[in-house]
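The values are calculated or read from the model by the stated rules, or taken from the named source; none is laboratory data. Since the model is a prediction, treat every value here as computed from it, not as a measurement. We work out accessible area using only protein heavy atoms, side chains counted, and drop any ligands, DNA or RNA first. Shrake-Rupley method; radii C 1.70, N 1.55, O 1.52, S 1.80 Å.
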Amino acid sequence: MAIRFLNSVTSTSSSFRVSCGELVVDDLWSVHHEVEMGVVRSGSITIETALGVEQLNKGDIFFIAPNQKHRFDNNNNVYIEIMLLNLNDGANLTQQFIPNAIIKSIVGGNCTKFFSFKPGEDYYNNVSECFESAFSAEVDKPRGFYLLATGKFYELYYYLFESGKLEIYDIETQGKKDRALRRVTEYINENFCNLLTLDIIAEHTNLSRYYISHLFKELLNTTFINYLNELRLSRAALLLTTTDTPVIEIAGKSGFNNISNFNRAFKMYYGITPSKYRKSERSKAKV
């Protein structure tokens, strides 16, 4: 996991099971089961999720739903303090008056995947005050800190929903989309070396080509063509570094029926030609 903590403290017995600390940034992709909320204390940072890339600056507050693939690119001496909120104990939370449907939706990813608050936006001050109070209570542990932290968590989630930033999706509809996308990507992953079009995939998955295109855009923030090309180019890169197969044959084994198209796509994606890529990677392996 890319996220580590410095000066982290022991979480309380709260059903929220909070961990607070400093985010140590690297450029690895990360997925974790907790809700992640953070405040950029200084510097700036770029965060990449399935929804795209966003720049976070000093004072920005961000939210990442559980099980969402993301990574940070530290380029300006950033310092971030975060809280990881483990919401898996849905029964206990429900007893504390958070509807179980909300907990299940957040834990299951049937909610807004990522958003941020910028200084000056509506509800920014409310959210910031809740974060600061809860964070200080967990770290400093004054008398009655558990009551203060728990109260601020409830209040914080109220503002997340009230602001419209955090929304719960219809579980049944979202589940159907996820299952449909899984069916599509499984077929592509097994057949990407063959001729593939939206019409061919639609025929084999019993979905319309327009619906498939929409799934890629909504759930993966990409297009069918980009997804397919990335698979093919990754296969080509693997063959270039692990075999002595001629480049023209690798193009065909990776799903490209035209060597010129393969060379152009490979250079656009990796920045160098296939031949130079093979030479470069093998030189690294000898070091």
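General remarks:
- Amide hydrogen neighbours beyond the local backbone of Glu34, cut-off 5 Å, H modeled: Asn67
- Probing with 1.4 Å while keeping every protein chain in the model, the per residue accessible area of segment 228-287 equals 62 Å².
- Between segment 124-144 and segment 240-264, the Cα center-to-center distance that results, in Å: 56
- Accessible area of segment 132-287 belonging to carbon and sulfur atoms, whole % at 1.4 Å probe: 53
- For Ile80, nonlocal amide neighbours, meaning residues 5 or more places apart or on other chains whose placed amide H falls under 5 Å from its own, are Leu23, Arg41.
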